[in-house]
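FYI, it's all coordinate maths here, none of it is from the lab. The structure displayed is predicted, hence computed values, not measured ones. Neighbour counts are summed over all protein chains in view; Cβ atoms, including those assigned to glycine, are modelled from backbone coordinates with ideal geometry.
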């Protein structure tokens, strides 16, 4: 158990940040799943800009790495373009 006041504060901050980052990551995974499982091109094309925006924001907040965001955006766009 932490003894110093600053260590206790650091534990509190880490817990809240972990909870927030877990929420963002789960939301991102769910959004990716909806786009990847959709078979309708128009529906997926509508969701694509929102997905790209979400990935950029998560990369900016350092929830995910900026290169991972770029790779995900590329793979999702490739999937949407392959739909009929």
Taking the range 68-84 and keeping only residues that are exposed (fewer than 12 other Cβ atoms within 10 Å of the Cβ) and outside any helix (DSSP H, G or I), one is left with 84
Residue 7: touching a helix residue (DSSP H, G or I) at 6+ places or on another chain (Cβ under 8 Å) and either loosely packed, with under 11 Cβ neighbours inside 10 Å or in a helix (DSSP H, G or I) (or both), yes or no? no
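Give the range 49-67 a look and list any residue that's under 13 Å from the mean Cα position of the chain (by Cα) and over 20 Å from residue 17 (Cα atoms), or say none. Let's see the steps before the verdict.
Just the residues of the range 49-67 that are under 13 Å from the mean Cα position of the chain (by Cα), to begin with: 50-67.
Result: 50, 51, 52, 53, 67.
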Has the range 47-67 got any residue that is over 21 Å from residue 83 (Cα atoms), in contact (Cβ under 8 Å) with a residue 12 or more places away in the chain, assigned to a loop (DSSP other than H, G, I, E, B) and touching a helix residue (DSSP H, G or I) at 6+ places or on another chain (Cβ under 7 Å)? yes
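Any idea how many residues of the range 14-46 are more than 17 Å from residue 72 (Cα to Cα) and outside any helix (DSSP H, G or I)? Talk me through it step by step, then tell me what you get.
At the first step, the residues of the range 14-46 found to be more than 17 Å from residue 72 (Cα to Cα) are 14-23, 39-43.
Of the ones still in play, those that are also outside any helix (DSSP H, G or I) are 39-40.
Here the count works out to 2.
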